[in-house]
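The values are calculated or read from the model by the stated rules, or taken from the named source; none is laboratory data. Bear in mind that the values here come from a model prediction, so they are computed numbers and not experimental data. As a convention, Cβ positions derive from the backbone with ideal geometry for all residues, glycine included, and neighbour counts pool all protein chains shown.
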Amino acid sequence: MKQKRGRLSVAMFGQKDHDRSGGVEVVVTELSTRLAALGCRVTCYNRSPGISRKKTHNYKSVLETYVPTFPGKGAAAVSSSLFAALACAFGSYDIVHIHAEGPAAMCWIPKFMGKKVVVTVHGLDWKRQKWTDGRGLGSKYIRWGERCLVKWADQIIVLSRDIQKYFHEIYGRETVLIPNGVNRPERRKANLIKTILGLTEPYVLYLARLVPEKQADLLIKAFRKIPKESNGFKLVIAGGSSDTDRYEAKLKSLAAGDDRILFTGFVRGEILEELYSNAYVYVLPSSLEGMPLSLMEAMSYGNCCLVSDIPECIEVAEDKAVLFRQGDVDDLQKKLEELISHPEIVEQYRIQAADFICSKYDWDEVTRQTLEVYETGEDYRLTRR
């Protein structure tokens, strides 16, 4: 991928940081660092841990700067997006790339200052339970963000055909489909997960954020219905809670008294890689997804995957994963027991998973297509310094 038009200056916001706390953060990290490697000037506006700003630093040639962030549910996202949008509006950028519908509520600010605005919709976030609980103010704000991006964004990127169809049918707005990518990883032997987590038995793995729409509670209920005597398996629940620990507390209450269930908390680095590398089966029981990066990563490690039959999971895995009826604990239990009892079936899915997913989704191709989106549309001036 060779740039032909000079050095693009790109600003991104909507992410928390360059860590792995969520799918948006993974996407921004992978995309921004690849764009920088191609010669783009990339600045990521991240959230500060408080009103005072953290220091600016470089991460793999990406300038990471932090905007003031007010604490509190919802306030952090809104305040950081506002300050990031203002910084982008008055900065010397050719492209302002906003990630997610909530932050896109501020897209009119850089657009008003003549910037080209690109928004990636990672999912219909207003459907998430944490925003629909209570008065639903969060959901209404995100829906407003959705209407703003439809009106003001020069280009809209979506991750799945289902969401592309949604924007076409509801708003009559054309979008660009660019699914996420995945890296081919190096499989690791079980070392740290044995010494640190005490994990020596074969295990079923859930590795995702602990939020209601991921439905880890359904998996715990299904696993607990499998008699202890029938197998020596453990269930590993790996992931951190988001914004509130109430759902995590609910999960631990459901698992109480069953020593087969292990909560690891948020994992990264070698422990995360070892968990993926040595799982017997990976399970994603979600009721709502944008594009499930954790599923893609699990498949890239050559895992047999058991997933809910929502369109987003089917679009990613096609026929290379086992499906169960979304929300049906009995069907999940049945499919899980079948896989535990039939390792030869598990092996069949393992053999084909990694090559399939790594050839289908590639971060370099995602970067190339994103650059094309940046270059498409109205003529705009490139910043050259």
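Observations on the structure shown:
- Checking Phe223 against (1) surrounded by 22 or more Cβ atoms within 10 Å (Cβ to Cβ); (2) not assigned by TED's automatic domain parsing to the domain that holds Lys335, the condition it does not meet: (2)
- Just one of (1) in a helix (DSSP H, G or I); (2) within 30 Å of Asp364 (Cβ to Cβ) fails for Ile170. It is (2).
- Only one entry in Glu289, Glu213 is touching a Lys or Arg at 6+ places or on another chain (Cβ under 7 Å) and at pLDDT below 95, namely Glu213.
- Looking only at region 224-248, residues that are at pLDDT 85 or above, charged (D, E, K, R) and more than 25 Å from Gln15 (Cβ to Cβ) come to 3 in all.
- Wholly within region 30-127, strands (runs of 3 or more DSSP E) carrying at least 3 residues that are in contact with a Lys or Arg (Cβ under 7 Å, 6 or more places away or on another chain) and either in the same structural domain as Glu312 (by TED's automatic domain parsing) or buried (at least 21 other Cβ atoms within 10 Å of the Cβ) (or both): none
- Residue within region 204-212 that is surrounded by 15 or more Cβ atoms within 10 Å (Cβ to Cβ), closer than 18 Å to Met299 by Cα and not aliphatic (A, V, I, L, M) present: yes
- Here Asp245 clears all of (1) in contact (Cβ under 8 Å) with a residue 24 or more places away in the chain; (2) over 16 Å from the mean Cα position of the chain (by Cα) except the condition numbered (1).
- Hey, Ser241 surrounded by fewer than 18 Cβ atoms within 10 Å (Cβ to Cβ), in contact with an Asp or Glu (Cβ under 8 Å, 6 or more places away or on another chain) and within 24 Å of Val346 (Cα to Cα) or not: no
- Test: residue in region 324-334 that is in the same structural domain as Val204 (by TED's automatic domain parsing) and aliphatic (A, V, I, L, M): yes
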